[in-house]
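The values are calculated or read from the model by the stated rules, or taken from the named source; none is laboratory data. Note that this is a predicted model, so its numbers are computed, not measured. Cβ atoms come from the backbone with ideal geometry, glycine included; neighbour counts cover every protein chain shown. We work out accessible area using only protein heavy atoms, side chains counted, and drop any ligands, DNA or RNA first. Shrake-Rupley method; radii C 1.70, N 1.55, O 1.52, S 1.80 Å.
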Amino acid sequence: MPKRADLPEHAREILGRLEREYPGAKCALDYTTPFELLIATILSAQCTDKRVNMVTPHLFRTYPDVASMASARQEDVEEIIKSTGFFRSKAKSIVGVANALLDQHGGRVPDTMDALVRLPGVGRKTANVILGNAFGKDEGIVVDTHVGRLSVRLGFTKETDPVKVEQALIPLFPREKWTLLAHLLIEHGRRTCEARRPKCGECVLNDICPSAEVEA
Ligand code: SF4
């Protein structure tokens, strides 16, 4: 584990290397509007982005805007999104959030953390995804399973609670990099630093990672 005083430098080095390794890192969910990203993010809970991207074209063709989604029958939405898992609660959230947008925000997705987390089924992680990707606002850092795991392995924190991980990362990285940082860590987590079998032997962070299992 790097010493506390060395952490900013350690973080800077890791960010630089990951930026060079994954120059095209971006949100893996397909969307064309903030509303579509909100729905896709709700669907991505406990599901791969790839699977979500297989379902959303049909969903968005059937319900192309907030108003049509708000008046959808939950069973019909369930049928379309079934393969993403937890489809009953996700369908309920989707129809519920569309109704809340109509009732409270004139059918638009709000662009502030406060307003987003007040929407039903929207937590800080989802709000960070929307703010960073749909609105270009670095308000926080998305901490999903990859970001959480890599933050511990790379020595940024010992915490596992996502809110605490986010608080540990925030002072280590420049604000304008917060959204990108999550994309980079997610990409690295998917391709190299996998949960069960990290490919330490082919990892660009091997020589500075406190959890490296083999030398490069
Ligand atoms: S060296 Fe291993 S544990 Fe460290 S980031 Fe790379 S793959 Fe993950």
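For the chain, adding -39500 (n - 2.57) for each run of n ≥ 4 DSSP H residues and dividing by the number of residues yields -15500 deg cm²/dmol at 222 nm.
Size descriptors for region 14-75: radius of gyration and Dmax over Cα atoms are 14.9, 48 Å.
Along each principal axis, taking the top coordinate minus the bottom one, the Cα set of the chain gives 56, 31, 28 Å in descending order. Solvent-accessible surface of region 20-76, taken per residue with a 1.4 Å probe and all protein chains present: 54 Å².
Protein heavy-atom accessible surface, 1.4 Å probe, per residue over region 137-216: 52 Å². For region 1-114, the Kirkwood radius over C-alpha pairs fed into Stokes-Einstein at 37 °C and 0.692 mPa s yields D = 204 µm² per second.
Tell me the carbon and sulfur percent of the accessible area for region 81-216, rounded to whole percent, probe radius 1.4 Å.
C and S fraction of accessible area: 49 percent.
For region 119-216, what log10 I(q)/I(0) values come out of the Debye formula at q = 0.12, 0.14, 0.15, 0.16 1/Å, with one point per alpha carbon and no solvent? Cα-only, vacuum Debye calculation for region 119-216: -0.39, -0.52, -0.59, -0.67. Cross-link partners for Lys50 among the aspartates and glutamates, with Cα-Cα distance under 13 Å and sequence neighbours closer than 8 places in the same chain left out: Asp30.
Going through the cross-link list Lys82/Lys158; Lys90/Lys158; Lys137/Lys199; Lys177/Lys199, which pairs have a Cα-Cα distance over 27 Å in this structure? The pairs that break the limit, which is 27 Å between Cα atoms, are Lys82/Lys158; Lys90/Lys158; Lys137/Lys199. Each peptide among 195-202, 21-28 gets the average number of other Cβ atoms lying within 10 Å of its residues, and from highest to lowest they stand as 21-28, 195-202.
Between region 21-88 and region 116-195, the alpha-carbon centres lie 20 Å apart.
Each Lys and Arg contributes +1 and each Asp and Glu -1, all at the Cβ; summed about the Cα centre of region 102-216, the dipole is approximately 200 debye. As a rough guide to protection, the peptides 148-160, 106-118 ranked by mean Cβ packing within 10 Å, highest first, stand as 148-160, 106-118.
Sequentially through region 59-68, phi angles give Karplus couplings (6.51, -1.76, 1.60; θ = phi - 60°) of 4, 6, 6, 6, 10, x, 9, 4, 5, 5 Hz, Gly and Pro residues having no value and appearing as x. Across Asp138, Asp65, Asp161, mean-square fluctuation computed from a Gaussian network of the chain (C-alpha pairs under 10 Å connected) peaks at Asp161. Helix 178-191 and the long axis of the chain differ in direction by around 80°, with both axes built from C-alpha atoms.
With N counted as the residues of region 177-216, its alpha-carbon radius of gyration over 2.2 N^0.38 Å works out to 1.18.
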